[in-house]
Amino acid sequence: MASRTGDTREEIVRLGMEFIQTYGYNAFSYADIAKKLNIKNAAVHYHFPGKEDLLIEIVGQYIQRYHDLARALEAPGLTSRKRIQAFIDRYTTLCDQGKICLIGSVGSDYFTMPETVKKKLGELVELVLGMVEGVLRDGKKKGEFSFPETPRVRALLMMTNLAAGVQLARITGQKDYKAICNSLVKQLADT
């Protein structure tokens, strides 16, 4: 069993991620976390001296989740279409929860962030794009996908559409988000 200190740290990270994905990075403070967890503000600072430390931890956990997804996508018998669907499903879950992706939620705050955070975010973005690009390249090579762009450009188109679709769904509803997802999958077979 984790220590109380470990539990508090995990709860701070969980809540920080929730606030970022719901309200954005600059829209919450440590006081908001402390209030929600019924702890002193100093307890949050004990675990994460500055807000950038918390964000670096959150991005690090996201990176680990994508590494875990990469291992899961190596399972034998998975088609490229099922592998792409796994990425779409991650965004669909966010949409269902009324949240947005971490990258999309901090994008508007990017220029106000410390260099250490920007570097970690860049690592996350390149990891995700690289993974999607690899699946697309593999699917095209195997004849499962047919699209005119390079796999990198198609990955950029897919990921920006998913991120924007989740944000737009907050306003227009999930029906439009689902239409975006269906179109993205259909476009992979277009010539």
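A few points about this structure:
- Top-ranked residue in region 31-59 [being surrounded by fewer than 14 Cβ atoms within 10 Å (Cβ to Cβ) and small (Gly, Ala, Ser); ranked as farthest from the chain's Cα centre (by Cα)]: Ala42
Matching residues to (1) touching a residue at least 60 places away in the same chain (Cβ under 8 Å); (2) in a helix (DSSP H, G or I); (3) under 30 Å from Thr172 (Cβ atoms):
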residue	(1), (2), (3)
Ala43	no, yes, no
Glu57	no, yes, no
Arg71	no, yes, no
Ala86	no, yes, yes
Ile100	yes, no, yes
Ser105	yes, yes, yes
Lys118	no, yes, no
Leu121	yes, yes, yes
Leu124	yes, yes, yes
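- Test: residue in region 33-49 that is within 30 Å of Gly130 (Cβ to Cβ), at pLDDT below 95 and not hydroxyl-bearing (Ser, Thr, Tyr): no
- In region 112-124, residue farthest from Leu156 (Cα to Cα) [restricted to those that are surrounded by fewer than 19 Cβ atoms within 10 Å (Cβ to Cβ) and among the charged types (D, E, K, R)]: Glu115
- Selection from region 139-156 of residues that are surrounded by fewer than 17 Cβ atoms within 10 Å (Cβ to Cβ) and in a helix (DSSP H, G or I): Lys141, Arg152, Val153, Leu156
- The one condition in (1) over 19 Å from Gln167 (Cβ atoms); (2) exposed (fewer than 14 other Cβ atoms within 10 Å of the Cβ); (3) among the hydrophobic types (A, V, I, L, M, F, W, C) that Ala27 fails to fulfil: (1)
- From the options Thr191, Thr172, residue that is exposed (fewer than 15 other Cβ atoms within 10 Å of the Cβ), at pLDDT below 95, of a type in the set (S, T, N, Q) and closer than 25 Å to Ser80 by Cα: Thr191
- Those residues of region 6-41 which are β-branched (Val, Ile, Thr), part of a helix (DSSP H, G or I) and in contact with a helix residue (DSSP H, G or I) (Cβ under 7 Å, 6 or more places away or on another chain), in sequence order: Thr8, Ile12, Val13, Ile20, Ile33
- Filtered residue count, region 67-111, keeping only those that are in contact with a Leu (Cβ under 8 Å, 6 or more places away or on another chain), surrounded by fewer than 17 Cβ atoms within 10 Å (Cβ to Cβ) and aromatic (Phe, Trp, Tyr): 1
- Contact map, region 170-191: first residue under 16 Å from Tyr91 (Cα atoms), second residue assigned to a helix (DSSP H, G or I) and among the small types (Gly, Ala, Ser), Cβ cut-off under 8 Å, separation 6 or more or different chains; pairs are Asp176/Gly165; Asp176/Ala169; Tyr177/Gly165; Tyr177/Ala169; Ile180/Gly165; Cys181/Gly165.
- Residues in region 59-77 include none that are in contact with a Lys or Arg (Cβ under 9 Å, 6 or more places away or on another chain), at pLDDT 95 or above and over 16 Å from Leu127 (Cβ atoms).
The values are calculated or read from the model by the stated rules, or taken from the named source; none is laboratory data. Every value quoted in this text rests on a predicted model; they were computed, and no experiment measured them. Cβ sites come from the backbone with ideal geometry, for glycine too, and all protein chains shown count toward neighbours.
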